[in-house]
Structure formats: C-alpha cells, structure tokens
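The values are calculated or read from the model by the stated rules, or taken from the named source; none is laboratory data. Just so we're clear, the structure is a prediction, and the values are computed from it rather than from any experiment. Virtual Cβ from ideal backbone geometry, glycine too; neighbours counted across all protein chains shown.
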Amino acid sequence: MLKVLHVGLGPLGQRVVRDLYDRKLGVVTAAVDISPEIIGKPLSKLVPGVKSSTKVVGSLHDITDWSKFDVAIVTTASDLRACADTFRILLKAGMAVVSTCEELVWPELRHKKLAKELDTLAHRFEARLLGTGVNPGFLMDAAAVFATTACKSVDSLEIHRIQDATTRRIPFQKKIGATLNDADFAAGIKAGWLRHVGLGESLHFVASNLGWKIDKWSETIEPVKATKAMSCGLGPIKKGNACGVRQVAIGKSKGKTVLTLVFQASIGQKSPEPGDRVIVNGEPKINMVFEGGVHGDIATSSITLNSIKPLLAAQPGLHTMATIPLVHFARGKK
C-alpha cells in the first residue's frame with residue numbers, strides 16, 4: 001500500500017484521506033496542517049471512519065524521515081504562489097507530489113518563472129510534481145483533449161460545465177458567491193477570491209495540446225441571481241442576490257475563436273440543466289456529454305488518488321495531465 005504524506009486537512013483534504021482508506025489504496029504516515037485547532041490531533045479524531053493514530057503536525061519542518069513516504073498529496077490553496085514554499089520543500093526532498101492547486105494544472109499561464117523554477121528543482125532532486133483535479137485537471141481540459149482522439153480534423157471546441165452547487169462543500173459555495181448582493185459580489189471579484197480558479201489554465205492546456213497558438217483570450221465573470229428566496233450551506237439567499245457564478249473564457253487563434261469554455265455553478269441550478277459537455281467541431285463532430293454533471297468533490301478526490309501511480313511511473317519534472325501515463329481508476333487491495 002502507498003505510504004502518504006498528506007498536507008492540508010480542510011474539507012477536501014479530509015475527503016481525500018477518507019477515500020484513501022476506504023479504497024484501501026494506502027495509509028497516511030504523516031499529516032500536516034497549519035490550523036492550531038487540529039495540530040496534535042490523530043487522524044481518527046478528524047476524519048470519520050479512518051482508524052489512524054497518525055497525529056497532525058504544524059509544519060513540513062517537523063518531518064525528519066522522508067524515506068518513509070511514497071508520495072505527498074497537497075490540498076491547500078488554489079494560488080500557486082501560496083503553495084510554492086510547500087512544493088519547494090517537497091521537491092528538494094525528492095518527493096512525488098500530487099496537488100489540487102488549480103493554477104498548477106497549467107502554471108506557465110500566470111507563473112511562468114515559478115513554473116520553470118519548480119521544474120528545475122524536480123529534475124535536480126529526481127522529484128515529480130502534478131497539478132490535477134476534476135476541473136481544472138479533467139472535465140474541461142484533459143477529457144476535452146482526449147475527446148479529439150477520433151477526429152481527422154478539429155476546427156474548434158466548446159466546453160461546458162454546468163453544475164448544481166447545492167451538495168458541494170461550503171468553501172466551494174463561498175467561492176461562487178452564494179448569498180452575496182451585487183456590491184459584495186463585485187468586491188469578491190476585485191479581491192480575487194470569488195471565481196472559479198482554472199478556466200484560463202484549462203483553455204491554455206487544451207490549446208497547447210491541440211497545437212493552437214492563442215493570440216488573444218478573455219474571461220468574463222458575472223453572478224447567477226436567485227429568482228426566489230432560497231438557502232444553502234452558507235445560509236439564506238435573498239431573491240435577487242447571487243446564488244452562483246457564470247464564467248466564460250474565449251480563446252482566439254489567428255483571429256478565429258477556437259475555444260469557448262463556459263463554467264456555471266449555482267445553488268439549485270436548473271436552466272440550463274446540470275451537465276458536462278465537450279463539443280468538438282471537426283471531422284467527425286463529437287458531442288460528449290456527462291449527463292447530470294460530475295460531482296466535483298467526489299471526482300476531485302478520485303482523480304487525485306488515481307493520478308498517484310501514473311505520476312510515480314513518469315520521469316522527474318513538473319508534469320501536466322498530458323505528460324504522465326493515462327490516468328484511470330485505481331484498484332486498492334481487497
């Protein structure tokens with residue numbers, strides 16, 4: 001079984017740990033989180049159903065024996081700069097690292113210099129680093145590229161992710177602006193915390209892998225407004241306030257729109273109906289649909305765990321979902 005160093009024990013991190021044990025894929029031999037209220041507690045007290053006496057430590061500097069790990073899983077922040085020091089420590093220790101940091105899926109877009117530094121460290125210390133997740137990481141990028149496999153030619157792609165956020169974790173509901181009035185929604189956008197992180201990364205991942213040079217790209221963001229009073233995990237939502245977010249990214253190559261990515265997540269989403277769709281305009285035309293949509297929390301945890309063995313089989317370096325062996329469902333020990 002895999003021996004895992006887990007960093008970040010928020011709602012998503014705890015889900016990954018629980019799924020790791022439920023699927024019998026491995027055990028957490030060390031856990032790190034900066035939250036004072038959980039430092040020193042055993043995993044068995046934090047994650048329901050996980051029988052582990054491993055106690056949470058507050059820093060990677062508390063780790064003294066790196067040889068007891070096969071892989072590190074990092075579920076902390078969306079911003080690559082916020083995760084950079086964590087990655088530096090892990091790479092210098094020669095670790096294979098799988099992270100749900102959204103900007104790491106295609107880091108050259110916003111952090112070209114930092115991406116080069118991390119790749120250099122990974123090669124120098126024979127380490128591996130991968131950013132993945134359900135989106136970005138799979139539905140609006142890796143799956144979209146794979147959908148073109150049967151095509152003789154590809155003119156353009158439309159990629160849609162429409163989801164009902166009612167059953168998503170509370171941090172996700174907060175990130176899409178649920179409950180906010182117009183002024184607070186606008187303030188959240190300006191502050192940078194209110195948005196789906198990764199739409200631009202997905203666009204450039206697809207473009208690069210299909211050989212399109214993006215000359216110009218844009219991204220818009222606006223609230224999805226409640227048409228009636230409703231509620232969510234964050235509390236009541238007044239009629240007219242935001243119940244979610246809609247983001248659209250457009251990529252042009254040689255003046256032609258080749259990529260259109262639409263992300264919409266809201267509480268009680270009904271029209272358009274929830275679902276994930278990739279439309280390949282080419283020969284042949286392909287319309288790939290995940291009816292009802294893929295549950296983000298379940299899928300993010302699953303993809304994170306399913307990516308470990310392919311990453312371990314890859315060469316040292318900074319990787320994307322297109323540079324490691326094909327990721328698929330991984331069976332645990334019975």
query = Is it fair to say I176 is of a type outside the set (S, T, N, Q) and under 26 Å from L234 (Cβ atoms)?
reply = yes
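Table: residues versus (1) over 15 Å from the mean Cα position of the chain (by Cα); (2) closer than 22 Å to R277 by Cβ; (3) surrounded by fewer than 21 Cβ atoms within 10 Å (Cβ to Cβ); (4) aliphatic (A, V, I, L, M).
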| site | (1), (2), (3), (4) |
| --- | --- |
| T300 | no, yes, no, no |
| K309 | yes, no, yes, no |
| T320 | no, no, no, no |
| G332 | yes, no, yes, no |
query = Given S59, S44, which one is polar (S, T, N, Q), more than 29 Å from K112 (Cβ to Cβ) and surrounded by fewer than 17 Cβ atoms within 10 Å (Cβ to Cβ)?
reply = S44
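For the stretch 241-295, name all the residues that are of a type in the set (S, T, N, Q), within 24 Å of T167 (Cβ to Cβ) and without any contact (Cβ under 8 Å) to a residue 40 or more places away in the chain.
Across the stretch 241-295, the qualifying residue is only S271.
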ask   = Do we have any residue at all in the stretch 86-100 that's of a type in the set (F, W, Y) and under 15 Å from H319 (Cβ atoms)?
value = yes
message = Looking at I170, I176, can you tell me which residue is surrounded by fewer than 22 Cβ atoms within 10 Å (Cβ to Cβ) and either in contact (Cβ under 8 Å) with a residue 24 or more places away in the chain or among the aliphatic types (A, V, I, L, M) (or both)?
response = I170
message = Condition check: under 16 Å from Q163 (Cβ atoms), outside any loop (DSSP other than H, G, I, E, B) and small (G, A, S). Does A299 satisfy that?
response = yes
query = If we scan the stretch 102-110, do we find a residue that is aliphatic (A, V, I, L, M) and within 14 Å of the chain's Cα centre (by Cα)?
reply = yes
key: Neighbours by Cβ (under 8 Å, 6+ apart or cross-chain): first from the stretch 56-68, under 12 Å from D33 (Cα atoms) and touching a residue at least 40 places away in the same chain (Cβ under 8 Å); second surrounded by 10 or more Cβ atoms within 10 Å (Cβ to Cβ) and of a type in the set (S, T, N, Q)   = L60/T86
message = Quick check on N209: is it closer than 12 Å to G244 by Cα and either modelled with pLDDT of 95 or more or in contact with a Phe, Trp or Tyr (Cβ under 6 Å, 6 or more places away or on another chain) (or both)?
response = no
